[in-house]
Amino acid sequence: MTESSPRRSAYARLLDRAIRILAMRDHSEKELRRKLVAPVLTKKGPEPIDAPPEEVDKVVAWCIESNYLDDVRFTRQFIASRGRKGYGPARIRQELNQKGIGRTDIDQAMYECEIDWMELAREQAQRKYGEPLPTVFAEKVKVQRFLLNRGYLMEDIQQIWRNVAD
């Protein structure tokens, strides 16, 4: 066999690659498409994938049909995972949007998730700044900035101090 004639068809190689990618963790459809056409790293360096877009579409359709690829399942798992890591809803929404998840799917999954964002924000602030949380304005601003950068909404952040004052 010559160097230019592959042993397996482009579809078979793409399907094998898709299954290996999805075996690691769930991906969004956009992520999978990007990874399928990305160059493969070999001993000689990166080698481009010479698969036509129709083949990529067929592989993605097969993955969806076989329930290996599901954007709704991915969205739910991603929200739960990032929530456990201490990120807020604004940041999670932004990351999901970058991964190609539609706004309605994100809204639905955020509505269905059972995460108390205000409590999670309080836990993150206490982990970083200790108990009790600062009440001096300058220190409160540092905590608020930290939580905003983590993706929490200002209303959840302000609710922390309202509950402390009660």
Query raised in the report: Going down the list K99/K142; K30/K128; K44/K85; K35/K140; K30/K142; K85/K140, which pairs span over 32 Å between their C-alpha atoms?
Result: K30/K128; K44/K85; K35/K140; K30/K142
**Report entry** Accessible area in the full protein assembly, largest first, 1.4 Å probe, for R17, R8, R103
**Finding:** R103, R8, R17
**Report entry** Karplus-derived HN-Hα couplings along the range 120-134 (A = 6.51, B = -1.76, C = 1.60, θ = phi - 60°), whole Hz, x at Gly and Pro
**Finding:** 5, 5, 4, 4, 5, 5, 5, 5, 7, 10, x, 10, x, 5, x
Query raised in the report: P(r) tail for the chain, what percent of Cα pairs lie past 19 Å?
Result: 64 percent
Report summary line: Rounded to whole Å², per residue accessible area for the chain with a 1.4 Å probe reads 65 Å²
Query raised in the report: Ignoring ligands, DNA and RNA, what percent of the accessible area of the range 117-163 is carbon or sulfur (1.4 Å)?
Result: 51 percent
Requested in this report: Taking just the C-alpha trace of the range 125-166, give me its Rg and Dmax in Å.
Outcome: 9.5, 26
Query - Theoretical ellipticity at 222 nm over the chain - DSSP helices of four or more residues, -39500 (n - 2.57) apiece, nearest 500 - result: -20500 deg cm²/dmol
**Report entry** By accessible area with a 1.4 Å probe, ligands and nucleic acids excluded, highest first: order of Y87, Y111, Y68, Y152
**Finding:** Y111, Y68, Y87, Y152
Report summary line: Descending accessible area (1.4 Å probe), largest on the left, turns S9, S66 into S9, S66
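The values are calculated or read from the model by the stated rules, or taken from the named source; none is laboratory data. A quick note: this is a predicted structure, and the numbers were derived from the prediction, not measured. Please note that ligands, DNA and RNA were not included when accessible areas were found on the heavy atoms of the full protein model with its side chains. Shrake-Rupley method; radii C 1.70, N 1.55, O 1.52, S 1.80 Å.
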